[in-house]
Every structure is written in structure tokens, then in C-alpha cells.
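Just below is one structure, and these are the notes that go with it.
Computed from the coordinates by the stated procedures, all read-outs in this text should not be read as laboratory data. If you're wondering where the values come from, they're calculated on a predicted model, not measured in any experiment. In this analysis, Cβ positions are derived from the backbone assuming ideal geometry, glycine residues included, and neighbour counts consider all displayed protein chains.
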Amino acid sequence: MSNLTKTFRRRGVGSVEAVKGVSFSVPRGTVLGLLGPNGAGKSTTIKCILGLISPDAGDMQVYGYDVQRDPRSALKRMGAVLEGSRNVYWRLTPRENMNFFASIQGHDPRRDREYHDHLVERLDLTDRVDRPVLELSQGMKQKVAIACALVRRTPLLFLDEPTLGLDVQTSHEMRSLLRGLVEDEDRTVVVSSHDMKVVQEVCARVIIIKDGVVVADDLTRNLLALFRTRAYRIEMPTDLPAPVLGQLQARFARAGVNASPGHYELEVEVTEPADLYELMDVLRDAGVIVEGIYRDQPDLERAFLRIVDGGRESRGDVRA
Ligand SMILES: Nc1ncnc2c1ncn2[C@@H]1O[C@H](COP(=O)(O)OP(=O)(O)OP(=O)(O)O)[C@@H](O)[C@H]1O
Ligand SMILES: [Mg+2]
């Protein structure tokens, strides 16, 4: 997809440039994460690719089919669960919904029964599968919507906020389900999410959109490496004497103590790996008991915030 542009115009309200020249491509058999603050243009981008909104400019190809010129062929290859979607029939049961969506795609639901059962089990819907959807909870409805998108077996799948409103266990299951889609079924998935855990665990590549523009497009592990810091947390049973803390602050970046009853944590950032010896020497000389040392793991949330809030921090910090 290249140079996608969309401006919403409302009479009397002015216009909103939702997407300003977004370009990216998704290699087959990968999961791409679409990140960005509220209103960044993620959903608008997805809706344009699905042909639900017509863009002002841009060229979108799905498996070689042009979305605007040949929407039928393109749509046949795409499935989606949109945010807050109500694309399932509430009077039907989850099983009936799944059969319906499978058959409109030309699949024989009887032959796909095993796959449907597998999904129902993975999504923990077994005891609700024959009850009308309207009797289900919000999260369960979301799971039924996801199941209905999956049973169409389209090679490309868009999931806009798939784990929104799901409980911890289900969100966990959803992550392994998403990984399975790529590993076992060779599908291509585009996921938009504000849940960094989902993205970090599932997406090999991440695109960050801000104000309708792509501000980062890289492998997840590269984004993480970019913001890897040498921050350590050192657990101590007693507080650090003030002069020792002063000595550390003079020598190391961001040295500070988090205190809670009976538990003290020294946080400190070192530049070179060998600086850790020096840090330990200072603590030993001061007679500080060290109960544990932990290195802060880089996480996507921090990387995301630094990129998105980049303008507010110093550039040098962002590229640290
Ligand atoms: N139908 C519409 N009419 C007018 N403006 C719209 C419409 N849909 C979206 N917008 C505007 O376009 C911008 C991008 O919205 P979009 O829904 O794509 O953001 P998003 O990245 O999906 O955000 P979120 O994380 O909150 O879901 C916003 O400023 C929004 O107000
Ligand atoms: Mg959205």
C-alpha cells in the first residue's frame, strides 16, 4: 500500500486529515503490529484497505488485486474484526454464526467442524456455543466476532484492538492463537492494539503511526534494541546512607532509591558494562547488603512512548 491519504470533511466542522501519505507492505506469513495514539489514523488506514472508506489518494494492493479497481477479488482475501464491531448476529448462537460466515466464503461448515471446535475451545466458548450471542458478555461477544472472522479462512486478516475488553487469561490465549495463525495456518495478520504485551509477543514487525504519518517501521526486536538501557535495580534490606547515594549520583546517571517498608531499591544506569564493578565497589565499601540485582528489560511500551513523545524529549535521549 502506498501513499494512502484520507481527509474527513464535515460541513461546518472543518476537516480532519486522518491519514497523510501512509505507505507500507506486509510480507506473507507475518504479523504486523499497527501502533499509535488515539486518533492517529490506524482504524482509518485499515478501513481504507478493506474498501469501507474510499481514500482521497493512494494505491492499495491485496495479493495483487487493486482494492479500488477490483474490490471483490481483494475482499475475498481479507477478513477483519473492527473496533467495537457488531458484525455477528446476536440472535444466532456462536456456532450458527461461525457456520454462516464460513458458508458465505464458500466453505462447507460440516467439513470445517473440527476447525470450528478448535477455535471454540481455544477461545473458551465451549459452554456458550449453543446459546444466543445476545446472552453473552461483552468479552465473549468479542471472541465470537474473532472466531467468525477466522472461519472465513482468508489469507489476510485485520484485527483492530482484538484484546480490548478481554480478561487476562483470554488475552493470553489470544496471543497464542494469533501466533498459531501465522505458524500453523500461514496467514498474514495486521493487528492494531494499545496493549504492548500483545504486540511485543505477537508481532515480528511494528509500524507506529502518529497524526496520520508513519513515524517508525521496523522489526520489533530492532525497536527494542534501540531503547535498551543499562538500567539496574539493586535490592537492599536497609536504606542507602545519604553520602553514599550522593557519591553514586555524582558518578552514575539516574541514581535514586525507591523505598517501601522494609524494602529498598537502588536504581542506577551505567554506561559501560565494566561500570558495574565500580558500582559494586562503592556499595561494598559502604557496607551495603545487596539482596538482588536485576537488569531492566527493554520493553515496547517504553520504546513506543519515546518515539511518540519524541518531540517532547531531547533527540539525543530518543536515540540513546
Ligand atoms: N467518520 C469520520 N468522520 C470524521 N472524522 C473521522 C472519522 N473517522 C475518523 N475520523 C478522525 O480521523 C482521525 C483518525 O481516526 P482513527 O479512528 O483512524 O484513529 P485510530 O488511530 O484508530 O485511534 P484509536 O486508537 O482511538 O482507535 C481522528 O482525528 C478522527 O477523529
Ligand atoms: Mg482505532
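Computed over segment 229-295, the P(r) tail beyond 15 angstrom holds 46 percent of alpha carbon pairs. Seen against the Cα atoms of the chain and their longest principal axis, helix 275-285 is set at about 50 degrees. Counting only the Cα atoms, segment 195-320 fills a convex hull of 137 Å³ per residue. Within segment 146-224, all pairs of alpha-carbon atoms sorted by distance into 10 Å bins from zero give the percentages 16, 51, 29, 4. A DSSP coil position with no more than 16 other Cβ atoms inside 10 Å describes the following GluC sites (Glu not before Pro) in segment 174-218: GLU185.
Computed log10 I(q)/I(0) for the chain at 0.10 Å⁻¹: -0.71, from the Debye equation with unit scatterers placed on every C-alpha and solvent omitted. Cα gyration tensor of segment 71-111, axes a ≥ b ≥ c as square roots of the eigenvalues: rounded (a/c below 1.5), prolate (a/b > b/c) or oblate? In terms of gyration-tensor shape, oblate. Entry note, the chain: the mean residue ellipticity at 222 nm calculated from DSSP H runs of n ≥ 4, each adding -39500 (n - 2.57), is -10000 deg cm²/dmol after division by the residues and rounding to the nearest 500. Its residues counted as N, segment 30-168 yields a C-alpha radius of gyration over 2.2 N^0.38 Å of 1.09.
Each other residue within a Cβ distance under 13 Å of LEU177 adds +1 if Lys or Arg and -1 if Asp or Glu, for a net charge of -2. So what's the angle, to the nearest 10 degrees on a 0 to 90 scale, between helix 113-122 and the longest Cα principal axis of the chain? For 113-122 against the chain, the angle is about 30 degrees. In terms of other Cβ atoms within 10 Å, VAL190, VAL206 run from fewest to most in the order VAL190, VAL206.
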